[in-house]
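The values are calculated or read from the model by the stated rules, or taken from the named source; none is laboratory data. Please read all numbers here as calculations on a predicted model, not as lab measurements. All Cβ positions, glycine included, derive from the backbone under ideal geometry; neighbour counts span all protein chains shown. Calculation scope for accessible area: heavy atoms of the full protein, side chains included, ligands and nucleic acids excluded. Shrake-Rupley method; radii C 1.70, N 1.55, O 1.52, S 1.80 Å.
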Amino acid sequence: MTIGKAYLRIVEDRFRRVKELGDNTFRQLSKEDFHQKSQEQSNSIAIIVKHLSGNMKSRWSDLLTSDGEKPFRNRDQEFEDPHMSKEEILESWEEGWGILLTAIGRLTEEDLLKTIYIRSEGHVVLEAIERQMAHYAYHVGQIVYIGKESKGEQWESLSIPKGKSKEYEKEMKEIHQNRAF
């Protein structure tokens, strides 16, 4: 396997894992939780999802052939409360991720060094991918934090629960030692 092919496989997996953190947070939330804000100038989960989806649609549609800031995008509007149902929010989330994952799946290793533009600024595709990964992980981290705060004691951990590191390590060792190579 070449470095380019390995990178594309790894980055697709990482994007899927970031999405999964959001998905697993959303499963624990009510409609009201999606619209909760800690203060007026804060963003709710619904707003963050609206922003992420708008960004994904803009950046990943026609990735190699048009500027990543599409004329159809209204970024400022993404930060207004969407007054959407939980189902509509999740539909928007899935649409954005679908466009992203389709675009990543179509890339070849030769594409990684091509120049694309975001707001007229040139980036090699590899750089643009890393830029978006950092952006999405940042916002999904916000989503998880807000979700955890809103659920309090009912929150189901998305990672290794406190005080369970040794148990988790033992479980992983058993899984990986039993894997045939």
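Only Lys, Arg, Asp and Glu carry charge here, each on its Cβ (+1 for the first two, -1 for the last two); on that basis the range 50-135 has a dipole of about 140 debye about its Cα centre. Taking only protein heavy atoms and a 1.4 Å probe, the accessible area of the range 98-176 is 52% carbon and sulfur. For the range 153-170 versus the range 31-51, the spacing of their alpha-carbon centroids is 26 Å.
By definition, a body whose alpha carbon gyration tensor gives a ≥ b ≥ c is oblate when a/c is 1.5 or more and a/b is not larger than b/c, and the range 77-181 fits this oblate description. Report the paramagnetic label zone for Arg27: residues of the range 77-95 whose backbone N is under 20 Å from a point 7 Å from Cα along the Cα-to-Cβ axis. Under cut-off, by backbone N: 86-95. Once you have a ≥ b ≥ c as the square roots of the Cα gyration tensor eigenvalues for the range 7-70, tell me rounded if a/c is under 1.5, and otherwise prolate or oblate according to whether a/b is larger than b/c. Cα axes put the range 7-70 in the oblate bin. At the residue level, Lys57 shows approximately 50 square angstrom of accessible surface with a 1.4 angstrom probe and all protein chains present. Here the chain is treated with +1 on each Lys and Arg Cβ and -1 on each Asp and Glu Cβ, and its dipole about the Cα centre works out to around 560 debye.
Taking every lysine pair in the range 31-85 that is 8 or more places apart or spans two chains, those with Cα atoms closer than 17 Å amount to 4. Over the residues of the chain, the helix contribution to mean residue ellipticity at 222 nm works out to -20000 deg cm²/dmol, using -39500 (n - 2.57) for each DSSP H run of at least 4.
In terms of packing, defined here as the mean over residues of other Cβ atoms within 10 angstrom, the peptides 152-158, 21-27 line up highest first as 21-27, 152-158. Net charge dipole, the range 92-139: roughly 120 debye, given to the nearest 20, about the Cα centre with Cβ charges of +1 for Lys and Arg and -1 for Asp and Glu.
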